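The values are calculated or read from the model by the stated rules, or taken from the named source; none is laboratory data. Quick caveat, the model's predicted, so the values are computed rather than measured. Quick reminder, even Gly has a Cβ in these numbers, built from the backbone with ideal geometry, and neighbours come from all protein chains shown. These area figures cover heavy atoms from the full protein model, side chains too; ligands, DNA and RNA do not enter into them. Shrake-Rupley method; radii C 1.70, N 1.55, O 1.52, S 1.80 Å.
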Amino acid sequence: MDEKFDCIIVGAGVAGLAAAMTLAKNNMKFLLIEKGEFPGSKNVSGGVLWGNDLNKLVPNYWEEDDSGWDRFINHRRLTFMDEQSSFSVDFKSSHFNEPPYTGVVVLRSKFDKWLAGKVEEAIAESDFAMDSFVAPNILVEEVLEEDGKVVGIRTGEDKFYADSVILAEGVNNLLTRQVGLQDKYVPADHMLTGVKEIIRFDQDVLENRFQLNGKSGMSNEFVGHATNGVEGGGFLYTNKDTVSIGLVLGLKDLREKEQTPYDILNHFKKHPAVADMIRGGEVVEYSAHVVSSGDKRVMPEKLYKAGLMVCGEAANLLMNAGKAIQGMDYAMRSGILAAEAITKAKEKGDFGESAMKAYQDTLEDSYVMKDINNFQDAVHLLHDPFMIDKMPNLLCDFGRNFFSIKNEPTKKARNMFSDSVKKHASYWDLVKIGAKGAKAL
Ligand SMILES: Cc1cc2nc3c(=O)[nH]c(=O)nc-3n(C[C@H](O)[C@H](O)[C@H](O)COP(=O)(O)OP(=O)(O)OC[C@H]3O[C@@H](n4cnc5c(N)ncnc54)[C@H](O)[C@@H]3O)c2cc1C
C-alpha cells in the first residue's frame with residue numbers, strides 16, 4: 001500500500017460509507033479506515049434512516065434478501081406525556097407502503113456492515129479492485145499536512161498518503177478539531193447524550209401488538225414526562241423482532257438536575273403508555289452515545305481546507321425538531337456530495353481549497369443545509385421548557401377531560417381547553433409559544 005490514494009476516508013459510519021460507495025462507483029482509488037472491529041460495531045442509532053438517498057447508493061435496495069434494514073415506516077406517532085396519560089398525534093398510511101420508502105428502521109451494527117459489504121462489491125467492479133480498501137480495526141491518530149495542504153493520515157507508526165481526506169469520524173470530532181476546523185469550542189452543554197435499549201419479543205407478539213404487516217413498522221417520538229423534566233425526548237421504533245427504545249437528554253440539564261440517563265430510561269419505561277408496549281420483552285442490548293443538538297451555532301463554519309472535507313456528524317449535521325431525528329440521512333447526503341467534489345477535483349487535477357469548497361457549496365444548496373437553516377427556530381422551540389413541561393401537562397389534562405364520559409352535563413371542548421390552560425399555563429404562555437411555533441414551523 002505505498003502508492004498514493006485519491007482519497008482517504010476516516011470513519012465507516014453512514015457518512016464514510018456513502019462517500020466510499022460514491023468513490024467506488026466513480027472509479028476512484030481510496031482507503032476507508034474504521035477504528036471499530038467492523039463497520040457499525042461502534043455505532044448507535046435509534047434509528048430510522050429517513051428519505052431516499054440509500055436508493056442512490058444501492059438502487060432498489062429493498063429487493064435484496066437481507067439488505068440491512070428491518071422495517072419500512074408507514075405508521076408515525078408523536079406523543080405528549082404527563083405522569084399517567086399520553087396524548088398522541090397518530091398517522092398511518094398505506095401510501096407509505098411502496099418503495100422508495102419514506103424511512104427504514106436500521107440497527108447500525110447490521111446496517112453498516114451490510115453497506116460496507118456493498119462498498120466491497122462496488123470496489124470489486126471498479127478499476128481499482130486491488131487498490132481500494134475498507135480497513136477496519138485501525139485508529140487514525142493524526143491528519144498529515146504539508147505546506148498548508150492535507151496530504152494523508154497517520155495511524156501508529158504508519159503513514160498513508162492521498163490527494164484528499166474526508167473526515168467522517170462522527171460527533172466526537174477530534175481530528176476535525178486537530179486540523180482547526182471546529183473553530184468554536186463546543187462545550188458539553190450544547191450536546192445531548194443518547195441512551196437506547198433493544199428489547200426482544202417473539203416476532204408474532206411484536207407484529208400483533210404494533211399492528212405490523214409484513215415489513216411495515218412504526219416510529220413513535222415522545223415529549224414531556226418521558227424525560228422526567230430533563231431537556232430532551234424519547235423514541236420507540238419497531239425492528240424485525242425487537243424494539244429500539246431510548247432517550248436523548250441534554251447534558252447540561254442532566255448535570256443541573258442531578259439525574260442519570262439510565263434512571264430516566266427506567267422511569268420512561270414505567271410510564272403506562274410505554275410499559276404496555278414493551279411488556280414481556282427481554283432487554284438484549286444497552287448502548288449510549290453522544291449526539292449533536294442540531295443547534296447550528298456549534299457547527300464548524302468551514303467544512304473544508306486544501307485537501308480535506310468534513311462530513312456527517314463530525315460537522316454536526318443533525319436536526320431534531322420534534323418530528324424526527326435526522327442525522328443518518330444528512331450524513332449520507334454529505335458523504336455523497338464530498339465524494340462527488342473529490343471526483344471533480346481529480347478530473348481537474350486540483351485538490352486545493354477552492355476545489356474542496358465546492359463540497360460546502362453543494363451542501364448549502366442541498367436539503368441538508370436548507371433544512372438546518374430553515375428549522376433552527378424549531379430546534380430551539382423543542383428545547384423550550386414549556387414544551388417539556390407545561391405543554392404535555394396541558395394536552396394530557398385536556399385529553400383526560402375530553403375523553404371522560406361521566407353521565408354529568410358535559411362542558412364544551414373550548415371550555416375544557418380553557419380550564420386546562422388555566423391549570424397548567426396561561427393564555428399569555430400560549431400566545432408566546434404559538435408565535436414561536438408559527439415562526440418555527
Ligand atoms: C440514541 C441515538 C438515536 C439516534 N436516532 C437517529 C435516528 O432515528 N435517525 C437518524 O437519522 N439519526 C439518528 N441518530 C443520529 C445518527 O446516529 C448520527 O447522526 C449518524 O450516525 C452520523 O453518521 P456519521 O457517519 O457522521 O457518524 P457515525 O455513524 O458516528 O460514524 C463515525 C465512524 O467513524 C469511526 N471513527 C471515529 N474516529 C475515528 C478515527 N480516528 N479513526 C478511525 N475511525 C474513526 C467511528 O468508529 C464510527 O464508525 C441517533 C443518534 C443517537 C445517539
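Could you please find all residues in the stretch 277-287 being loosely packed, with under 14 Cβ neighbours inside 10 Å and touching a residue at least 40 places away in the same chain (Cβ under 8 Å)?
Gly280, Glu282, Val283, Val284, Tyr286, listed by residue number.
Evaluating Val274 against the criteria (1) touching a Ser or Thr at 6+ places or on another chain (Cβ under 8 Å); (2) part of a helix (DSSP H, G or I); (3) open to solvent by less than 20 Å² (accessible area, probe 1.4 Å) leaves one unmet condition, (1).
Of all residue pairs spaced 6 or more apart or on separate chains, those with beta-carbon atoms under 7 Å, a first member in the stretch 98-115 that is more than 9 Å from Phe72 (Cα to Cα) and a second member that is aliphatic (A, V, I, L, M) and open to solvent by less than 10 Å² (accessible area, probe 1.4 Å) are Val106/Leu49; Asp112/Ala12; Asp112/Leu17; Leu115/Leu17.
Residues of the stretch 69-118 that are over 29 Å from Tyr286 (Cβ atoms) and open to solvent by less than 20 Å² (accessible area, probe 1.4 Å): Ser93 alone.
Ser86 meets each of the listed conditions (1) modelled with pLDDT of 95 or more; (2) more than 30 Å from Thr193 (Cβ to Cβ); (3) polar (S, T, N, Q) apart from (2).
Looking only at the stretch 326-361, residues that are touching a residue at least 60 places away in the same chain (Cβ under 8 Å) and more than 30 Å from Glu221 (Cα to Cα) come to 10 in all. Among the residues of the stretch 289-298, are any surrounded by 17 or more Cβ atoms within 10 Å (Cβ to Cβ), modelled with pLDDT of 90 or more and part of a loop (DSSP other than H, G, I, E, B)? No: zero hits. Please indicate, with yes or no, whether at least one residue in the stretch 339-361 is in contact with an Asp or Glu (Cβ under 7 Å, 6 or more places away or on another chain), open to solvent by less than 20 Å² (accessible area, probe 1.4 Å) and modelled with pLDDT under 95. No, the stretch 339-361 has no match at all.
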